[in-house]
Amino acid sequence: MGRWRRSGRIWCNWPSRPIGLIELIGGSYLSASPHISYKFLLEALREKGLAIHAWTYLPSLDHQAQANEAWKSFRLCRKKLESRVGVKLNPIRLGHSLGCKLHLLSPDGGRNSKIFISLSFNNFNANNSIPIIGRLSSKLNMETEFSPSPQETMNLIFNQYTQPNNLIINFSNDKLDQSKLLIKCLKNREQDSSENVQLEGDHLTPISSGLRQNILGEWAVDDNKIKTLNILITQIYKYSTK
């Protein structure tokens, strides 16, 4: 499993000779401790020889500022790893839920990555994402929105996101997923090579087993969820190394 270490805002888990690098931005609140929330997924990928960098954050209304901050944190940590192993690494960007949006808003437009893998992309407005904001907005007769807004986000992806190699994964029982909007936007760009895969599961498939295992112990792990997670891990690994 290796040992987790924190470097700034990044949780790191490095094999001795990495064959690649995963840079994860997870979902809202789940990423306060991504090495715990995504433990099973990330440690399985690490066991396959991929170095893991997972950004820790709490959500805010300014998604562009958070995307910029994550990109800078990943770049600094990647340089430390490259210095240690003596090899330049082209990162695989992995996002879950809000983390997909933050990766897609990266200031380099995806140019400095090998591929991007999206799990359960969503791009809701602030009122739907954070119920208390919706109630306050209605009570105070004011409008509060993320920056960029959902429509602005899709425009930025279409006009400024240049990475052609994207794997968009959605789950069969995920009511929060908006991957269809994302794949349509990506496919409308010139020279796009994006692929879409649907797996069994729901919005919490990438994280649920890790949380259960950490809080309740080995006996609480659901075998079906482990099976689904292993299928997801295989998909990520195959796409990352092809």
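The values are calculated or read from the model by the stated rules, or taken from the named source; none is laboratory data. Since the model is a prediction, treat every value here as computed from it, not as a measurement. Glycine also receives a Cβ, built like all others from the backbone with ideal geometry; neighbour counts cover every protein chain displayed. Surface areas here come from the heavy atoms of the whole protein model, side chains and all, with no ligands, DNA or RNA. Shrake-Rupley method; radii C 1.70, N 1.55, O 1.52, S 1.80 Å.
Just name the residue that is least open to solvent (accessible area, probe 1.4 Å) out of those in the range 187-202 that are under 29 Å from Lys225 (Cα atoms) and of a type in the set (D, E, K, R). Per the stated criteria, the residue is Asp202.
With respect to the conditions (1) of a type in the set (Lys, Arg); (2) open to solvent by 60 Å² or more (accessible area, probe 1.4 Å); (3) modelled with pLDDT of 95 or more, Arg135 falls short on a single one, namely (3).
Residue by residue, here is whether (1) at pLDDT below 95; (2) open to solvent by 50 Å² or more (accessible area, probe 1.4 Å); (3) out of contact with any strand residue (DSSP E or B) (no Cβ under 6 Å at 6 or more places or on another chain) holds:
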| position | (1), (2), (3) |
| --- | --- |
| Phe40 | yes, yes, yes |
| Arg46 | no, no, no |
| Leu50 | no, no, no |
| Pro59 | yes, no, yes |
| Ser73 | no, no, no |
| Cys77 | no, no, no |
| Glu82 | no, no, yes |
| Val87 | yes, yes, yes |
| Leu94 | no, no, no |
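Just to be sure before I move on: is Asn68 open to solvent by 10 Å² or more (accessible area, probe 1.4 Å) and under 20 Å from Arg189 (Cβ atoms) in the structure I sent? No.
In the range 163-186, the qualifying residues are those that are part of a helix (DSSP H, G or I) and touching a helix residue (DSSP H, G or I) at 6+ places or on another chain (Cβ under 8 Å), and the one that is surrounded by the fewest Cβ atoms within 10 Å (Cβ to Cβ) is Leu181.
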